[in-house]
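Data block below; observations after.
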Amino acid sequence: AKSAGGNRYELADPEADARAITRHGLTTALPAALDRGEFFIEYQPLVYLGDGSVRGAEALVRWLHPQHGVLGPDRFIPLAEHTGLIVPLGRWVLEESVRQARVWQDRYEEAGPFRINVNLSPMQLTHPGLVADTVDILERFGLEPDALCLEVTESALIGADDDLLKPLRRLSEMGVDIALDDFGTGYSNLANLRRLPVNVLKLDRSFTQGMQQYPADPVDLKIVEGIVSLAHSLGLSVTVEGVETGAQAEQLKHLGCDTAQGWYYARPGPPDRLHELALADATG
Ligand code: C2E
Ligand code: CA
Ligand code: CA
Ligand code: CA
């Protein structure tokens, strides 16, 4: 069809049309899906490399779509960001994750303090209700701010002005941990870290992938070693994502990484799965 502008032609592409319809269909279905409770959360354990104990979990949202089945966040988070629905959806994820973390703390006290990591979209950062909503949710479920970690991507923060950082700083002062997610994916500016209110660095999966063979590429090792030592010197702890093999886990532990996450330990799963892992860990 000829476009409205008159000087551009688009080839007929039935597949692209189908994709567009799906995108459009998904976008318009999002608000009702939230009302109907079609979203659910899977939890992936965070493992302390020092002793292999499960210390917490990252909350990862999914959509049980009535026609399309389970959709991963990559399919709908960008759409929710585009329409602004990410604000109420993100608030729901936070509330549900904090509620769940409280259940874990109560039931499995012997497993030690349990932490919950929740992803924040850039739009949630600029939403004026972020601090008040977070405080309200923590109080309502009686969870200590210390038990919560909010994950923000590097790209959302690099170049951020002080207004954007203020709410994060407030949360950080309350004791909420702030993690810089997907660290090293291209916007890295290590010097910048000093002005950001973050205390956890999540090394992107691409670094972990470089450690698939044993021994790993010496240059990769040097880079990770440098990042870890710099992070530690700035008082940040380092979490590595995407750990799929024992060899990776060993090398990352050897390099001084603090916490790890990945299929090698467990895939994201329902809350009951995490009960089992944390409890098995606590009882040896
Ligand atoms: P992320 O925050 O970097 O989350 C880690 C992703 O890596 C997850 O994908 C997880 O399932 C996957 N993963 C975990 N271990 C491994 C592994 O060993 N190997 C590989 N190849 N992958 C692994 P998932 O669940 O599809 O989430 C994708 C992205 O969607 C997340 O990336 C995050 O950016 C976003 N997301 C998920 N839940 C939320 C949410 O509640 N709010 C917001 N704003 N974004 C979310
Ligand atoms: Ca994350
Ligand atoms: Ca803290
Ligand atoms: Ca990540």
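Counting heavy atoms of the protein chains only and a 1.4 Å probe, report the per residue accessible area for the range 192-284 as a whole number of Å².
49 Å²
Whenever you get a sec, line up Thr185, Thr22, Thr134 from highest to lowest accessible area (probe 1.4 Å, protein heavy atoms).
Thr185, Thr22, Thr134
With every protein chain kept in the model, how would you rank Trp263, Trp63 by accessible area, 1.4 Å probe, largest at the top?
Trp263, Trp63
Rounded to the nearest 500 deg cm²/dmol, what is the calculated helix-only ellipticity per residue at 222 nm for the chain, with -39500 (n - 2.57) per DSSP H run of length n ≥ 4?
Dividing the helical sum by the residues of the chain leaves -14500 deg cm²/dmol.
Keeping every protein chain present and rolling a 1.4 Å probe, give me the accessible area per residue for the range 21-140 in Å².
Each residue of the range 21-140 exposes 47 Å² on average to a 1.4 Å probe.
Once you keep just the Cα pairs under 8 angstrom separated by 6 or more residues, what percentage relative contact order results for the chain? The partial results should precede the final answer.
Working: 428 pairs, mean separation 52.5, N = 284.
It comes to 18 percent, rounded to a whole number.
Based on alpha-carbon atoms only, what is the radius of gyration of the range 187-283 relative to the globular estimate 2.2 N^0.38 Å?
Compared with the compact-globule rule of thumb, the range 187-283 sits at 1.17.
Just reorder Phe39, Phe141 by solvent-accessible area, largest first, 1.4 Å probe, all chains present. Mind dumping the intermediate values first?
Working: Phe39 10, Phe141 50 Å².
Result of the area sort, largest leading: Phe141, Phe39.
So, in Å, what gap is there between the alpha-carbon centers of the range 67-120 and the range 165-233?
About 22 Å separates the Cα centre of the range 67-120 from the one of the range 165-233.
If I ignore ligands, DNA and RNA and count only protein heavy atoms, how much of Glu151 is accessible to a 1.4 Å probe, in Å² to the nearest 10?
Estimated to the nearest 10 Å², Glu151 gives 0 Å².
Leaving out ligands, DNA and RNA, what percent of the accessible area of the chain is carbon and sulfur, probe 1.4 Å?
Accessible surface attributable to carbon and sulfur in the chain totals 52 percent.
Provide, in order from the shortest bin, the percent of all Cα-Cα pairs of the range 80-191 in each 10 Å bin, continuing until the bin that contains the maximum pair distance.
Pairs per bin, as whole percents: 13, 45, 31, 10, 1.
Report the accessible area of Glu81, computed with a 1.4 Å probe over the heavy atoms of all protein chains in place, in Å² rounded to the nearest 10.
Here the residue's solvent-accessible area equals roughly 60 Å².
Got a number for the accessible area of Ser233? Probe 1.4 Å, square angstrom, nearest 10.
That residue has around 90 Å² of solvent-accessible surface.
Normalised radius of gyration for the chain, please: alpha carbon Rg relative to 2.2 N^0.38 Å, two decimal places.
That ratio works out to 1.08.
The values are calculated or read from the model by the stated rules, or taken from the named source; none is laboratory data. Given the structure is predicted, the values throughout are model-derived calculations rather than measurements. What goes into the accessible areas is simple: the full protein's heavy atoms, side chains included, and nothing from ligands, DNA or RNA. Shrake-Rupley method; radii C 1.70, N 1.55, O 1.52, S 1.80 Å.
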